[in-house]
Amino acid sequence: MPTSKTYGFLNTVSTWGGGEKWHLDAAHLLHINGHNVIVYVNAGSELETRAIALNLVTRSVNLGKYSYLNPLAIRTLASQFRKDNISTLIMNLSSDMKVGAQAATRAGVERVIYRRGSAIPIKNSATNRRILGNHVHEILANSQATVETVFEKNEKIFDRDKVTVIYNPIPIPNLTSRQKSSKDSRIIIGNVGRLYKQKGQHYLIELAQKLKDESIDFVIKIAGEGVERSNIEQAINQKNLSDYVKLIGFQEDLSSFYQELDVFAMTSLWEGFGYVIAEAMSFGVPAVGFDISSNPELIKSGINGELVPMGDVSAFAEAIINIHHNRPSYSQEARRYVLENFEQSLINSQILDYIVR
């Protein structure tokens, strides 16, 4: 049942990404269920624009990377929390956490939650130990892999009993069967992600060369934009792979993209939660990924996809060929696994139960 409590979401990232999507979706979920919600944002940010479009109450705050060292910034934010009568505060960005948690303590906020969506280790710094130990009550992680990065540098930096894992929710498309939407006879391999080094798309170039050398009929389609685009294009041209690797840019709607794929190729060096893996699987697309980070929490080798050793492009190619020859069973299990573990209404219920207390 709705309560008189007010739930605050602090996220001052100006661009749009997974953390911002989670904050918006969670805030909107509480809002449509009758709860009081305020979203603290960077003025003019994409999160602010989208929050306003969903009729969410927003507050513009001006925070920087080192605002946690500024007593005035802390007092000002605490005053706003107190004025808004915030009872629970949820933060995502590390710099937001450092200032927001201190402000929340000053304002008497009952529950302070640090939502971790990145599988990057928390530094064992005096600042992190102080703020996490004295001002953060709970950590909400998007995977077990993310949990482990919290404690990688210092097992005692936080109380493990106060860490909860809730996976990202995945909307399930209404498909009557898993069929490629195109008539293309090639093995169509897909990848979705920003063109950044972390996403490891250079492995896709090596994969293409390997498959080409083995006379496999295939094409790799990469959806996304980023700073590595020119380097990737250069590598494609240098290896004469323009017929085999296609950069299709940012795609607003990935539904048709997923439906034409045979296999999803996850080449990231790390992921807090491989959302695009689960998204592809929801369309019945099996995945191949490196056996690292959160990938094993989504890909079950020999069932809904294949895990291969980090950087082993030969094993990656073999896995894709194996899936191609056994696609129906892999496809069925891929979709079933997402339905049973990440389906949107299931995860939304978990989020509501966790936040609303």
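The values are calculated or read from the model by the stated rules, or taken from the named source; none is laboratory data. These numbers come from a predicted model, not from an experiment. Every residue, glycine as well, gets a Cβ built from its backbone with ideal geometry; the counts of neighbours run over all protein chains shown. The protein model used for the area step is the full one, side chains on, heavy atoms only, and it has no ligands, DNA or RNA in it. Shrake-Rupley method; radii C 1.70, N 1.55, O 1.52, S 1.80 Å.
What the table shows:
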item: Any pair with Cβ under 8 angstrom, 6 or more apart, that starts in the stretch 303-322 at a residue that is open to solvent by less than 20 Å² (accessible area, probe 1.4 Å) and ends at one that is assigned to a loop (DSSP other than H, G, I, E, B) and of a type in the set (D, E, K, R); result: Val308/Asp291; Ala317/Glu214
item: Boolean, Ile122 is in a loop (DSSP other than H, G, I, E, B), touching a residue at least 12 places away in the same chain (Cβ under 8 Å) and either on the phi > 0 side of the Ramachandran plot or within 18 Å of the chain's Cα centre (by Cα) (or both); result: yes
item: In the stretch 240-260, the residues that are within 17 Å of Glu225 (Cα to Cα), in contact (Cβ under 8 Å) with a residue 12 or more places away in the chain and open to solvent by 40 Å² or more (accessible area, probe 1.4 Å); result: Lys246, Ile248, Phe250, Gln251
item: Check on Met281, closer than 13 Å to Ile189 by Cβ, buried (at least 21 other Cβ atoms within 10 Å of the Cβ), among the aliphatic types (A, V, I, L, M) and in contact with a helix residue (DSSP H, G or I) (Cβ under 8 Å, 6 or more places away or on another chain); result: no
item: Test: Glu233 is outside any loop (DSSP other than H, G, I, E, B), without any contact (Cβ under 8 Å) to a residue 60 or more places away in the chain, closer than 27 Å to Ile321 by Cβ and not basic (Lys, Arg); result: yes
item: Lone unmet requirement of (1) surrounded by 21 or more Cβ atoms within 10 Å (Cβ to Cβ); (2) within 20 Å of Gly17 (Cβ to Cβ); (3) touching a Lys or Arg at 6+ places or on another chain (Cβ under 8 Å) for Arg116; result: (3)
item: Unique residue being modelled with pLDDT of 95 or more, closer than 28 Å to Gly18 by Cα, assigned to a strand (DSSP E or B) and within 24 Å of the chain's Cα centre (by Cα) when the list is Lys221, Lys153; result: Lys221
item: Residues (surrounded by fewer than 17 Cβ atoms within 10 Å (Cβ to Cβ) and either charged (D, E, K, R) or in a strand (DSSP E or B) (or both)) located in the stretch 47-76; result: Val57, Ser60, Lys65, Arg75
item: Options Val263, Val165, Val227: the member that is open to solvent by less than 40 Å² (accessible area, probe 1.4 Å) and in contact (Cβ under 8 Å) with a residue 12 or more places away in the chain; result: Val263
item: Unique match (being in a loop (DSSP other than H, G, I, E, B), in contact with a Lys or Arg (Cβ under 7 Å, 6 or more places away or on another chain) and polar (S, T, N, Q)) among Ser215, Ser293, Ser242, Ser268; result: Ser268
item: From the options Glu318, Glu279, Glu306, residue that is out of contact with any Gly (no Cβ under 6 Å at 6 or more places or on another chain) and not in a helix (DSSP H, G or I); result: Glu306
item: Residue satisfying all of: in the stretch 7-19; in contact with a helix residue (DSSP H, G or I) (Cβ under 6 Å, 6 or more places away or on another chain) and over 14 Å from Met97 (Cα atoms); surrounded by the most Cβ atoms within 10 Å (Cβ to Cβ) among these; result: Tyr7
item: Considering residues of the stretch 332-357 that are over 19 Å from the mean Cα position of the chain (by Cα) and not in a helix (DSSP H, G or I) only, the residue modelled with the lowest pLDDT; result: Arg357
